[in-house]
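So the structure is just underneath, and the comments pick up after that.
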Amino acid sequence: MAVVPIRKLTRSAHRRQLHRRVRRRVRGTAQRPRLAVFRSLRHVYAQLIDDQTGRTAASASSVDPEFLKQLKTGGNIAAAKLVGKLIGERARAAGHTQAVFDRGGYQYHGRVKALAEAARASGLEF
């Protein structure tokens, strides 16, 4: 009988697997779009997505010119808080007060948690 090695997933492949698992349950609608979060080492991105039509209602990231005027780097908790505040303001401007939070396969910790709490503080409910 041959020994079959256990396949190890890379960190990014494991995150994508977790994200697919979360996305089975989390769906955005026109009334309650999905607040999708993506983080890289240098930046944080957030989008409000209506999955029924495939459209993005609002977005904010640490590469926006409005963000770069206030902070220098985009890969820390302070940047995530500012992006959360921006996405909350832009969501209200687009007429959305409720959303479904999609953590993107990341742990609800650190930058992801800071973004979510800042979005809640700016008036977005999820």
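Estimate the FRET efficiency between residue 108 and residue 2 by the formula 1/(1 + (r/R0)^6), using the beta-carbon distance for r and 30 Å for R0, to the nearest 0.05.
0.15
Calculate the dipole size of the range 73-126 relative to its Cα centre from +1 charges on Lys and Arg beta carbons and -1 charges on Asp and Glu beta carbons; express the result in debye to the nearest 20.
Result for the range 73-126 is approximately 120 debye, rounded to the nearest 20.
Taking the Cα centre of the range 1-108 as the origin, how large is its charge dipole in debye, to the nearest 20, when only Lys and Arg (+1) and Asp and Glu (-1) carry charge on their Cβ atoms?
It comes to approximately 520 debye.
Ranked by Cβ crowding within 10 angstrom, fewest neighbours first, how are 37, 44 ordered?
37, 44
Can you work out the FRET efficiency for the pair residue 66 and residue 12, with r the C-beta to C-beta distance and R0 = 30 Å, to the nearest 0.05?
Approximately 0.55, to the nearest 0.05.
Please list, ordered by chain and number, the residues whose modelled amide H lies under 5 Å from the amide H of residue 101; skip anything fewer than 5 residues away on the same chain.
Placed amide hydrogens put 35 under 5 Å from residue 101.
Per residue of the range 92-103, in order, report the coupling 6.51 cos²θ - 1.76 cosθ + 1.60 (Karplus, θ = phi - 60°) as ³J(HN,Hα) in whole Hz, putting x for Gly and Pro.
In residue order, the calculated couplings are 5, 5, 7, x, 10, 10, 10, 8, 10, 8, 10, 6 Hz.
Be a star and scan the range 48-90 for residues whose amide nitrogen sits under 17 Å from the point 7 Å along the Cα-to-Cβ vector of residue 125.
88-89
For the range 107-114, what does the Karplus curve 6.51 cos²θ - 1.76 cosθ + 1.60, with θ = phi - 60°, yield as ³J(HN,Hα) per residue in whole Hz, taken in order and with x for Gly and Pro?
With coefficients 6.51, -1.76 and 1.60, one gets 5, 7, 7, x, 5, 5, 5, 4 Hz.
Could you tally the net charge around residue 59, taking each other residue with its Cβ under 13 Å from the Cβ of residue 59, Lys/Arg +1 and Asp/Glu -1?
In short, -1.
Tally Lys/Arg at +1 and Asp/Glu at -1 over every other residue whose Cβ is under 9 Å from the Cβ of residue 37; what's the total?
Net of charged neighbours comes to +2.
Test of the criteria: in the range 22-52, which trypsin sites (Lys or Arg not before Pro) are in a DSSP loop and have at most 15 other Cβ atoms within 10 angstrom of their Cβ?
Of the trypsin sites (Lys or Arg not before Pro), the ones in loops of the range 22-52 whose Cβ has at most 15 other Cβ atoms within 10 Å are 24, 25, 27, 42.
From the phi angles alone, apply the Karplus equation (6.51, -1.76, 1.60; θ = phi - 60°) to the range 69-76 and give each ³J(HN,Hα) in whole Hz, x where the residue is Gly or Pro.
Taking θ as phi minus 60°, the curve returns 5, 9, 10, 8, 10, x, x, 10 Hz for the range 69-76.
Which stretch or stretches of the range 60-76 have amide N atoms under 17 Å from the point lying 7 Å from residue 117's Cα along the Cα→Cβ direction?
Zone members listed by number: 76.
I'd like the distance separating the alpha-carbon centroids of the range 56-82 and the range 32-53, in whole Å.
A separation of 13 Å, based on Cα centres.
Given just the C-alpha atoms of the chain, how large is their convex hull per residue in cubic angstrom?
Measuring per residue, one finds 120 Å³ for the Cα hull of the chain.
Between residue 78 and residue 25, what is the label-to-label distance in nm when each label sits 7 Å out along the Cα-to-Cβ direction?
Between residue 78 and residue 25, the simple spin-label model gives 3.6 nm.
Nearest 500 deg cm²/dmol is fine: what mean residue ellipticity at 222 nm does the chain get from its DSSP H runs of n ≥ 4 alone, each adding -39,500 (n - 2.57), divided by its residue count?
-11000 deg cm²/dmol
Rule-based calculations on the coordinates, nothing more; no lab input. All of these numbers come straight from a predicted model, not from anything done at the bench. Neighbour counts run over all protein chains shown; Cβ positions are idealised from the backbone, glycine included.
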